[in-house]
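Student: Just passing along the structure, written as structure tokens.
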Amino acid sequence: PPPPRCAPASVAACAPRVLLRTDAYAILDKPPDARMDGEHCAVTMNTLAKSWLGAVPKFCHRLDYGTSGVLVAAFSRAAAAAAAGAFERREATKEYLGVVAGRVAERFAVDLPLGPVAAGDFRVGVGGDRAKPAST
């Protein structure tokens with residue numbers, strides 16, 4: 001079954017999702033609809049991490065607001081730089097799984113530029129002045 005949705009106004013409603021913790025890193029399971037950070041949100045990955053870990057780590061990469069998945073977080077600048085560098089050099093990768101209704105007949109790729117739907121909007125759409133090349 002899918003993980004339970006996170007109540008937007010309550011850190012307590014989100015059960016701890018710490019998959020692994022070492023002295024240098026924590027691997028966290030980000031719930032859907034949780035922002036990475038933000039002053040106007042009661043539930044963010046910063047507030048969840050503080051509740052789950054007792055500290056706010058440095059996130060080594062990001063996941064979009066509506067996306068759930070695994071996040072790598074570091075407890076020091078050096079560890080964060082090492083992990084972020086691995087993502088940047090593509091030594092570490094992220095894979096996404098899209099859930100669809102119906103049947104997909106064969107594998108396919110979508111190569112379209114993605115960018116913000118509107119200025120200040122967290123949603124992403126195809127095209128726009130600030131779109132960047134993307135392949136899925």
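The values are calculated or read from the model by the stated rules, or taken from the named source; none is laboratory data. All values derive from a computational prediction rather than experimental measurement. Don't worry about glycine lacking a Cβ; one is built from the backbone with ideal geometry, like all the others, and counts go over all protein chains shown. Heavy atoms of the whole protein, side chains included, go into the accessibility calculation; ligands, DNA and RNA do not. Shrake-Rupley method; radii C 1.70, N 1.55, O 1.52, S 1.80 Å.
Student: So, with a 1.4 angstrom probe, what is the percent of accessible area on segment 84-136 that is carbon and sulfur? Spell out each step's value before the answer.
Tutor: On the way: 2680 of 5040 Å².
Answer for segment 84-136 is 53 percent, counting heavy atoms of protein chains only.
Student: Under a straight-distance cross-link criterion of Cα-Cα below 24 Å, which lysines are reachable from Lys132, leaving out those fewer than 8 residues away in the same chain?
Tutor: Excluding near neighbours in sequence, the set is Lys94.
Student: While we're here: Modelling each spin label as a point 7 Å along the Cα-to-Cβ direction, I'd like the Val124/Ile27 distance in nm, to one decimal.
Tutor: 2.3 nm
Student: Any idea what angle helix 77-88 forms with the longest principal axis of the chain, computed on alpha-carbon atoms, 0 to 90 degrees, nearest 10?
Tutor: Helix 77-88 sits roughly 20 degrees off the main axis of the chain.
Student: Could you name the aspartates and glutamates whose alpha carbon sits less than 17 Å from that of Lys50, not counting residues in the same chain fewer than 8 places away?
Tutor: Reachable aspartates and glutamates: Asp23, Asp29, Asp37, Glu39.
Student: How large is the helix-only mean residue ellipticity at 222 nm for the chain, computed as the sum of -39500 (n - 2.57) over DSSP H runs with n ≥ 4, divided by its residue count, in deg cm²/dmol to the nearest 500? Before the final figure, lay out each step's value.
Tutor: Details: 2 runs with 21 residues, N = 136.
Rounded to the nearest 500, it is -4500 deg cm²/dmol.
Student: Now, a different point. Express the accessible area of segment 60-136 per residue in Å², computed with a 1.4 Å probe while the remaining protein chains stay in the model.
Tutor: Accessible surface, normalised per residue, equals 81 Å².
Student: Out of these labelled values of P(r) over Cα pairs in 5 Å bins from 0, in percent, [x] 2, 8, 12, 15, 15, 13, 9, 8, 7, 6, 3, 2, 1, 0; [y] 2, 9, 16, 19, 19, 17, 12, 6, 1, 0; [z] 2, 9, 17, 16, 14, 11, 11, 8, 6, 4, 2, 0, which was calculated from the coordinates shown here?
Tutor: Computing P(r) over Cα pairs in 5 Å bins from 0, in percent and matching it to [x] 2, 8, 12, 15, 15, 13, 9, 8, 7, 6, 3, 2, 1, 0; [y] 2, 9, 16, 19, 19, 17, 12, 6, 1, 0; [z] 2, 9, 17, 16, 14, 11, 11, 8, 6, 4, 2, 0 gives [y].
Student: Moving on to the next point. Show me 108-119, 28-39, 91-102 ranked by packing, highest mean number of other Cβ atoms within 10 Å first.
Tutor: Details: 108-119: 10.9, 28-39: 17.2, 91-102: 7.4.
Ranking the peptides 108-119, 28-39, 91-102 by packing returns 28-39, 108-119, 91-102.
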